[in-house]
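Written out below as structure tokens is the structure these notes cover.
Every number here is computed from the coordinates shown, using simple stated rules; none is lab data. Since we're looking at a predicted model, the values are computed, not measured. Note that each Cβ is placed from the backbone with ideal geometry, even for glycine, and that neighbours are counted across all protein chains shown.
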Amino acid sequence: MNSPDKALLAPWPYPRWIAHRGAGKLAPENTLAAFRLGAAHGFRMFECDVKLSADGEPFLLHDADLSRTTSGHGVAGERRWDELSKLDAGGWHSPPYAGEPLLRLEALARWLQANRLMVNLEIKPSPGQDALTGAAVAREAARWWSGQAVQPLLSSFSVEALRAAQNAAPDLPRALLLEELKPGWLDTALDLACVAVVGHHPHLNADNIAQAHSAGFKVLTYTVNDVERADALWAAGLDGLITDSVDKLGPDRP
Ligand code: G3P
Ligand code: MG
């Protein structure tokens, strides 16, 4: 096996605790309200999901469809930003968040930098848009974080999206998301010159974490909401943990 790019590996700038979709389930996911709440609970790094509007604007949304988390309906990636920007992305969650808008990646970059906070941008392409989304998110992230001491960590389940991100902005750190640890998982991450793998937590243990470390990767996990499971994974050598439980886990807790 080749070694990952040493320039990308050192030093590791990210904290151990990462708030999922901003603040997990306590505020409307992937909105600025969620990031504010996660930050109020002491989190210094956030995971979020990024896709493209029909006119190429990177913005935050988990699902391909608008229905679950906004007042809109249909495929999000088929709407232009001027239409998406008028949707309510908070009212579905609870009345105090009614009217919370969808968040452009550019606006998130400004807010994070003003507050000296870090981010893991999960590239979440709309169906059939893997390469387009990977390239656009990486290119725009490189532009909006230009000159910043800590760059965003790009991740994706999509190898095609990560490959496009690598080609568009080779210096941005990348991580391969893994729902399962299939044969060749480390080779795929090496091939993409990733700095980390982000595994689904039920599949991680001390042995495969050590295996990933030996290959030169940091090991992160999603989405752990249970104190005992978090403790077991830290003991197994984990480097970073993505959680919804920003009120029960995290940097402000013992
Ligand atoms: O990036 C980690 C995690 O967010 C991946 O799963 O479906 O919550 O985006 P999902
Ligand atoms: Mg995600």
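Rounded to the nearest 500, the 222 nm mean residue ellipticity of the chain from helices alone is -8500 deg cm²/dmol, with -39,500 (n - 2.57) taken per DSSP H run of at least 4 residues. Computed packing ranks the peptides 140-149, 16-25, 240-249 as 16-25, 240-249, 140-149, most packed first, by mean other Cβ atoms within 10 Å. Put the Cα centre of the stretch 107-128 next to the Cα centre of the stretch 167-230 and the gap is 20 Å. Backbone phi angles across the stretch 192-204, fed through the Karplus curve with coefficients 6.51, -1.76 and 1.60 (θ = phi - 60°), yield HN-Hα couplings of 8, 6, 6, 9, 8, 10, 10, x, 5, 4, x, 8, 8 Hz in residue order; Gly and Pro are listed as x. Projection of the Cα convex hull of the chain, averaged over all directions and equal to a quarter of that hull's surface, yields 12.7 nm². The H on the amide N of Asp65, modeled in the peptide plane, is under 5 Å from the matching H of Ala76, each at least 5 residues off or on a different chain. For Trp12 and Arg36, a Förster radius of 22 Å and the Cβ-Cβ distance give a FRET efficiency of 0.25, rounded to the nearest 0.05. Using only Cα atoms, find the angle between the long axis of helix 159-168 and the longest principal axis of the chain, and express it within 0 to 90 degrees, rounded to the nearest 10. Approximately 90 degrees, to the nearest ten. Under the rule a/c < 1.5 gives rounded, and otherwise a/b versus b/c splits prolate from oblate, where does the stretch 90-238 land using the Cα gyration tensor? It comes out oblate by the Cα gyration axes. Per the Debye formula on identical point scatterers at the alpha carbon atoms of the stretch 55-154, with no solvent, log10 I(q)/I(0) at q = 0.10, 0.16 Å⁻¹ is -0.29, -0.73.
Taking the Cα atoms only, what angle lies between the long axis of helix 105-114 and the longest principal axis of the chain, rounded to 10 degrees? The helix 105-114 is inclined about 70 degrees to the chain. Placing unit charges on each Cβ (+1 for Lys and Arg, -1 for Asp and Glu) gives the stretch 6-243 a dipole about its Cα centre, and among Ala230, Ile18, Thr188 the Cα reaching farthest toward its positive end belongs to Ile18.
Put simply, the amide H of Arg21, placed in the peptide plane, has neighbours under 5 Å in Glu47, Cys48, leaving out anything fewer than 5 places away on its chain. Compared with the dominant Cα axis of the chain, that is its longest principal axis, helix 130-144 is turned about 90°.
Along the axis of the charge dipole computed for the stretch 6-243 (Cβ charges of +1 for Lys and Arg, -1 for Asp and Glu, origin at the Cα centre), the listed residues His41, Ala168, Leu132 are led at the positive end by His41. Considering only alpha-carbon pairs that sit under 8 angstrom and 6 or more positions apart, the relative contact order computed for the chain is 20 percent. The calculated FRET efficiency for the pair Arg143 and Ala210, based on their C-beta separation and a Förster distance of 35 Å, comes to about 0.40.
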